[in-house]
Amino acid sequence: MSNESCTIVPLGACPASALQLQPDGKTCIIGRSAGASLRLDHQSISRQHASLVFSNGRWAVTDLGSRHGTTLNGVALEVRQPMPLRSGDRIGLNPWVLRFDMGQNEGATIVQASSMNSGGTVVVMAPSKEKSQAQIQLDLLITSSVSIYAAATEVEMVTEVAKVCVQGTKCERALIVRFLDSGSGSRLEVVGEWPAGSIAIRPVSRTLLNGASKGKPVRLSEDDSFGSAQSIIGTGVNGAACIPIMIDSTIEAYLYLDQFEGKVNYEDVLSFSQAIGRWTGLSLMRLQRFELESRQRELLEELAAARQVQERMMGATSGNKGEVSWAMCSIPGQVVAGDIFGVHRSPTQLGATVFLGDVSGKGLGPGLLMAAITAHLEAQLSAGVRAEKAICDLSNFVSTRAVAGQFATFTMAEVDCAARKIHFIDAGHGYYCVVDRNGNAKPVDVDGGIPIGVVEDFLYESNEISLAKGDRLVLYSDGLAEQRNDEGEMLGPVRVAAALVGSLTCADDVNRLTELLKAFAKNLKYADDVTIASLMLAADVEKTHAEAI
């Protein structure tokens, strides 16, 4: 990055003058418009073709949706996607090229061309009409490399490879094949061929393929080691060769060449076919990488969509419901969380029911079970079912639908605002803390039952705590308490309570614990989903805040 000015230098026959730009945040428009900062009057240039701007400590170029596009060092830019610039970069706007110059050009050697007339005659050089086989192969390598590397699919790419091999070696057939069987099996997948349909004309030598499986090119020979390959000669094949196509040190496929009429000197075509094989391996690796990246993008998009649904099911991160005020934060360990949180107010009861849980496992499966649990529980509570029966029914629901070994730790808290009491039903959860109006924090121990989904018809017992004026109850999932640092230490309830000392609001409780988690884990990934919630009686919120002031 640099804060220096830059210069846009027209190259070649471009009629424009050099333009110096200052890093003042103003946008430089390049185009055919009379108002453009750098005007290029040509029919291929759009009125507002591209822009340059200094932002966030560096210069960037953006194609503005031009008709014929913009390139950077020969690579086409995506429309309206800024691309950072480095000194010496070449910005292409057909038919002209501009150089982006910061006056540095590290690593470049710049000389001044002499204007002295040498007295000689400039002669246009034309290639010889007669080309040697080596020149033909070199031309094919150069011209085909672009189409091979730019192929969008594997079939398109290997078909082009087979075609080029026939043209460059004078063999009559080229195939790209893979073994479908382990070891030296006989079943082959024909990935590409040229000419089309030639695989059905004559067989392929398994002996040659097995010979190439050692990682070296082989050809049909009179040697005893390839004696069994002579069986294919009776089918009209006069010669054959096989070149392994490698990705790193692994054989990905085989390039198989043969001919039926005349003779081919395979020693002469070895270097060409090996070069094609190496180029094919690089192209296959590129296509496979793009395929994996595409799958990864699709997966992340699906997970992100699932996460959005979960966030909507969890509800607002803060609010008031049934005379209860709360703040909440949920941090997924792997994009999609298995944690559950909700505040439900039954139309037939005073107060509210707060629930928080954690489905075992990580990823999409627990996330789906979390959604099912939330929907089932909301339906039960909306029907007026009390917490004791609702959690028993929920445990039965999970045990009959979850996969083997899957369960959920859970807590349900019925808040009785009039009596200032909370009735707990704990199912293997166990993480609570009370913070009073003065910011004193104390962990709360409750007698809990087994996680839901483990045993059908399990009867859970209720615990009760009283809330003094201004008290807040903090609930959090085991993803917070059981997170480890780089020394293997567990965060634990004691550190949680210490972090809450001095906190005066629900939002401050949540913020303090999320900051504690970040500082404790440092650069480590979170081992599990984390959900933190703080709640208090809504009637205490304004009074406590006013007294604190």
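At a glance:
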{"read-out": "Residue that is surrounded by the most Cβ atoms within 10 Å (Cβ to Cβ), among those in the stretch 73-104 that are aliphatic (A, V, I, L, M) and over 22 Å from S17 (Cβ atoms)", "value": "L77"}
{"read-out": "In the stretch 431-446, residue surrounded by the fewest Cβ atoms within 10 Å (Cβ to Cβ) [restricted to those that are in contact with a helix residue (DSSP H, G or I) (Cβ under 8 Å, 6 or more places away or on another chain) and not hydrophobic (A, V, I, L, M, F, W, C)]", "value": "K442"}
{"read-out": "Criterion (over 30 Å from A150 (Cα atoms), among the aliphatic types (A, V, I, L, M) and not in a loop (DSSP other than H, G, I, E, B)) met by exactly one of V53, V97, V61", "value": "V53"}
{"read-out": "Filter pass, E542 being touching a helix residue (DSSP H, G or I) at 6+ places or on another chain (Cβ under 9 Å), surrounded by fewer than 16 Cβ atoms within 10 Å (Cβ to Cβ) and at pLDDT below 90", "value": "no"}
{"read-out": "Pair list, Cβ < 7 Å and 6+ apart or interchain, from the stretch 523-535 residues that are under 19 Å from G367 (Cα atoms) to residues that are in a strand (DSSP E or B) and open to solvent by 60 Å² or more (accessible area, probe 1.4 Å)", "value": "A527/R484"}
{"read-out": "Test: A468 is under 26 Å from I425 (Cβ atoms), in contact (Cβ under 8 Å) with a residue 40 or more places away in the chain, small (G, A, S) and open to solvent by 10 Å² or more (accessible area, probe 1.4 Å)", "value": "yes"}
{"read-out": "Residues within the stretch 403-418 that are open to solvent by 10 Å² or more (accessible area, probe 1.4 Å) and either β-branched (V, I, T) or in contact (Cβ under 8 Å) with a residue 24 or more places away in the chain (or both), tallied", "value": "9"}
{"read-out": "Which numbered condition C392 misses (of (1) among the hydrophobic types (A, V, I, L, M, F, W, C); (2) in a helix (DSSP H, G or I); (3) within 38 Å of the chain's Cα centre (by Cα))", "value": "(3)"}
{"read-out": "All positions within the stretch 261-272 that are surrounded by 16 or more Cβ atoms within 10 Å (Cβ to Cβ) and at pLDDT below 85", "value": "V264, Y266, V269"}
{"read-out": "Entirely in the stretch 453-549, the helices (runs of 4 or more DSSP H) that have 1 or more residues that are out of contact with any strand residue (DSSP E or B) (no Cβ under 9 Å at 6 or more places or on another chain) and aliphatic (A, V, I, L, M)", "value": "506-521, 538-548"}
{"read-out": "Looking only at the stretch 21-56, and only at residues there that are buried (at least 20 other Cβ atoms within 10 Å of the Cβ) and of a type in the set (V, I, T), the one that is nearest to W96 (Cα to Cα)", "value": "I45"}
{"read-out": "One residue from P195, P203 being touching a strand residue (DSSP E or B) at 6+ places or on another chain (Cβ under 8 Å), open to solvent by 40 Å² or more (accessible area, probe 1.4 Å) and either closer than 19 Å to S273 by Cα or not polar (S, T, N, Q) (or both)", "value": "P195"}
{"read-out": "Residue match in the stretch 80-90 (condition: assigned to a strand (DSSP E or B) and within 13 Å of V9 (Cα to Cα))", "value": "yes"}
{"read-out": "Candidates A240, A229, filtered to the one that is open to solvent by less than 10 Å² (accessible area, probe 1.4 Å), at pLDDT below 85 and either part of a helix (DSSP H, G or I) or not aromatic (F, W, Y) (or both)", "value": "A229"}
{"read-out": "Looking only at the stretch 447-464, and only at residues there that are farther than 20 Å from G361 by Cβ and either buried (at least 16 other Cβ atoms within 10 Å of the Cβ) or among the small types (G, A, S) (or both), the one that is modelled with the lowest pLDDT", "value": "G448"}
{"read-out": "Residues satisfying the stated conditions in the stretch 244-260, i.e. at pLDDT below 85 and touching a helix residue (DSSP H, G or I) at 6+ places or on another chain (Cβ under 6 Å)", "value": "I247"}
{"read-out": "Hey, V474 among the aliphatic types (A, V, I, L, M) and either surrounded by 21 or more Cβ atoms within 10 Å (Cβ to Cβ) or touching a Cys at 6+ places or on another chain (Cβ under 6 Å) (or both) or not", "value": "yes"}
{"read-out": "Conditions (1) more than 43 Å from the chain's Cα centre (by Cα); (2) modelled with pLDDT under 90; number of the one not met by E414", "value": "(1)"}
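The values are calculated or read from the model by the stated rules, or taken from the named source; none is laboratory data. Remember, it's a predicted structure, so these values are computed and weren't measured experimentally. Glycine also receives a Cβ, built like all others from the backbone with ideal geometry; neighbour counts cover every protein chain displayed. For accessibility, only protein heavy atoms count, side chains too; no ligands or nucleic acids. Shrake-Rupley method; radii C 1.70, N 1.55, O 1.52, S 1.80 Å.
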